[in-house]
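Reviewing the structure listed below.
The values are calculated or read from the model by the stated rules, or taken from the named source; none is laboratory data. Nothing here was measured: the structure is a model prediction, and the numbers come from that model. As a convention, Cβ positions derive from the backbone with ideal geometry for all residues, glycine included, and neighbour counts pool all protein chains shown. Heavy atoms of the whole protein, side chains included, go into the accessibility calculation; ligands, DNA and RNA do not. Shrake-Rupley method; radii C 1.70, N 1.55, O 1.52, S 1.80 Å.
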Amino acid sequence: MNLNRRKFLTTTATAGAALAAPGYLRRAMAAGEPIQVGALYSQTGGLSVVEKMLAAGVRMAAEEINAAGGVMGRPIEVLVEDGASDPKTYAEKAQKLVIRDRVSTVFGCHTSASRKAVLPIFERRGAMLFYQTHYEGFECSPNVVYSGAVPNQQLGNYLPWILETLGKKKVFIVGSNYVYPREMAKVSKGLIEAGGAEWVADEYLELGHSEWAVMVNKIKDSGADVVLSNVVGDSIISFYREFINQGLSHEEIPICATVTSEIEIAAMGPEYAAGSYTSFPYFMSLDTPANHSFIERYRAFVGDPQATTYHSLEAAYFQVFLWKQAVEASGDITAEAIREGVRGQEYAAPGGEVKIDEDNLHCWLTPRIGQWQADGQSKIVDEYPAPIKPLPYAAYGETADNLFCTREGLDSSKL
């Protein structure tokens with residue numbers, strides 16, 4: 001019955017999209033004007049270094065699509081707004097894009113805090129947000145396409161590998177004090193216990209915290225043989241440096257992270273991370289023609305021959321192509337049409353094949369584990385043979401794994 005219901009909603013939503021479209025959208029379609037989309041990323045503030053890269057990824061994808069003929073023969077015009085690294089500002093800018101600029105789709109947000117700040121606006125105003133960052137799961141909005149990894153795509157492969165391949169049995173969990181690290185820890189504990197190991201601590205410090213001496217001492221005294229790090233932002237740099245400066249070694253007690261990327265490795269100095277691990281669907285070191293081409297084109301686009309790519313940048317880039325395919329599949333640019341058109345869309349991304357799940361609007365991705373090397377790049381030490389289904393509610397148990405995200409939200413009959 002749930003499957004039939006989903007098919008019915010998909011069919012009726014697609015068939016009624018043109019009739020439901022606001023007048024200004026129908027006029028724009030008829031006139032062949034540029035399709036305006038938003039890019040809502042911090043251009044100022046503490047998160048701007050990373051988020052400017054995400055905005056560049058969206059603009060680069062739009063430029064490539066325009067060079068190939070646009071979307072249904074229409075060019076894309078990207079309206080960039082500055083979230084200023086502040087959730088309140090994010091909400092204000094989201095309202096500007098959706099209400100004043102009247103865009104139906106925004107690519108943006110980088111943190112869960114900014115996503116949650118803008119979510120009510122997209123749901124209330126009937127617009128779509130494409131969100132590229134890996135996150136903690138436990139959410140399924142009919143107005144969001146989630147193209148980053150969820151816990152089963154980062155931890156489902158990672159914890160068993162840590163316990164079995166590395167042979168670690170005592171895990172010290174450490175994170176920044178907000179929703180993502182705490183929810184990732186919740187999932188991790190279940191996987192650790194299921195693997196016959198134990199978590200010896202679950203500790204948090206505030207975002208931006210830079211004094212890690214006491215925490216590293218706790219790690220040294222805990223008897224842990226591995227650290228699972230959900231530390232976020234600039235704190236990563238301080239943590240890794242203090243870890244090595246206190247004489248700890250990634251060979252003996254490796255840090256296995258869910259957030260540390262090429263960006264943080266370059267900022268801290270590769271010597272502090274060499275031998276540690278991270279689980280992501282995409283690494284810059286992927287040795288494929290598609291990824292080499294992506295890196296070369298990105299460097300040319302930003303005018304920096306040494307520019308670094310990383311997982312969220314890759315997702316920010318490929319989600320624009322998924323949106324394009326959704327528009328062309330539905331023949332319209334309304335949120336309802338895009339929502340239904342994007343279900344099941346596939347794309348050959350720089351990191352490999354991706355697909356938007358028909359049920360929950362999250363992305364099928366390929367889990368990988370990288371070990372950081374002395375040159376600041378990763379060596380892929382484990383990789384799934386194909387993308388796996390996203391399970392944003394996996395921690396609730398199997399009965400919730402295939403939750404259906406309707407136009408109204410979650411299908412509560414699956415809970």
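Elements of the type strands (runs of 3 or more DSSP E) sitting completely within region 100-177 and holding at least 3 residues that are at pLDDT 95 or above and under 30 Å from PHE243 (Cβ atoms): these cover 170-176.
Residue by residue, here is whether (1) open to solvent by 10 Å² or more (accessible area, probe 1.4 Å); (2) modelled with pLDDT of 95 or more; (3) farther than 28 Å from PRO289 by Cβ holds:
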| site | (1), (2), (3) |
| --- | --- |
| ILE356 | no, yes, no |
| ASP359 | yes, no, yes |
| HIS362 | no, yes, no |
| GLN377 | yes, yes, no |
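Within the bounds of region 311-319, is there any residue that is open to solvent by 10 Å² or more (accessible area, probe 1.4 Å), part of a strand (DSSP E or B) and at pLDDT 95 or above? So far as region 311-319 goes, no, none of its residues is open to solvent by 10 Å² or more (accessible area, probe 1.4 Å), part of a strand (DSSP E or B) and at pLDDT 95 or above.
Screening ARG182, ARG102, ARG115 for residues that are open to solvent by 30 Å² or more (accessible area, probe 1.4 Å) and assigned by TED's automatic domain parsing to the domain that holds TRP323 leaves exactly one candidate, ARG102.
Residue count for region 214-247, restricted to those that are in a helix (DSSP H, G or I) and open to solvent by 40 Å² or more (accessible area, probe 1.4 Å): 9. Give the residue that is surrounded by the most Cβ atoms within 10 Å (Cβ to Cβ), with candidates limited to residues of region 135-157 that are in contact with a His (Cβ under 7 Å, 6 or more places away or on another chain) and under 19 Å from ALA39 (Cβ atoms). Within region 135-157, the match that is surrounded by the most Cβ atoms within 10 Å (Cβ to Cβ) is TYR146.
Restricting attention to region 39-52, the residues that are under 25 Å from ILE338 (Cα atoms) and either among the hydrophobic types (A, V, I, L, M, F, W, C) or in contact with a Phe, Trp or Tyr (Cβ under 7 Å, 6 or more places away or on another chain) (or both) total 3. Just one of the listed residues (PHE301, PHE294) is buried (at least 24 other Cβ atoms within 10 Å of the Cβ) and either in contact (Cβ under 8 Å) with a residue 60 or more places away in the chain or assigned to a helix (DSSP H, G or I) (or both), namely PHE294.
Annotation: of all residues in region 158-179 being farther than 26 Å from ARG115 by Cα and of a type in the set (Val, Ile, Thr), the one that is surrounded by the fewest Cβ atoms within 10 Å (Cβ to Cβ) is THR165. Scanning region 248-291 for residues that are outside any loop (DSSP other than H, G, I, E, B) and open to solvent by less than 10 Å² (accessible area, probe 1.4 Å) returns ILE255, CYS256, ALA257, GLU262, ILE265, MET268, THR278, SER279, PHE280, ASN291.
Annotation note: Cβ proximity below 6 Å between a residue of region 32-45 that is under 23 Å from PRO87 (Cα atoms) and of a type in the set (Gly, Ala, Ser) and a residue that is at pLDDT below 95 and surrounded by fewer than 24 Cβ atoms within 10 Å (Cβ to Cβ) (sequence gap 6+ or interchain) occurs for SER42/SER48; SER42/SER85; GLY45/SER85.
Of the set (1) hydroxyl-bearing (Ser, Thr, Tyr); (2) within 16 Å of the chain's Cα centre (by Cα); (3) open to solvent by 20 Å² or more (accessible area, probe 1.4 Å), all apply to SER330 but (2). Only residues that are more than 20 Å from ILE121 (Cα to Cα) and surrounded by fewer than 21 Cβ atoms within 10 Å (Cβ to Cβ) were counted in region 72-92, giving 5. When every residue of region 23-39 is checked against the conditions, at least one turns out to be open to solvent by less than 40 Å² (accessible area, probe 1.4 Å), among the aliphatic types (A, V, I, L, M), modelled with pLDDT of 90 or more and closer than 19 Å to LYS116 by Cα.
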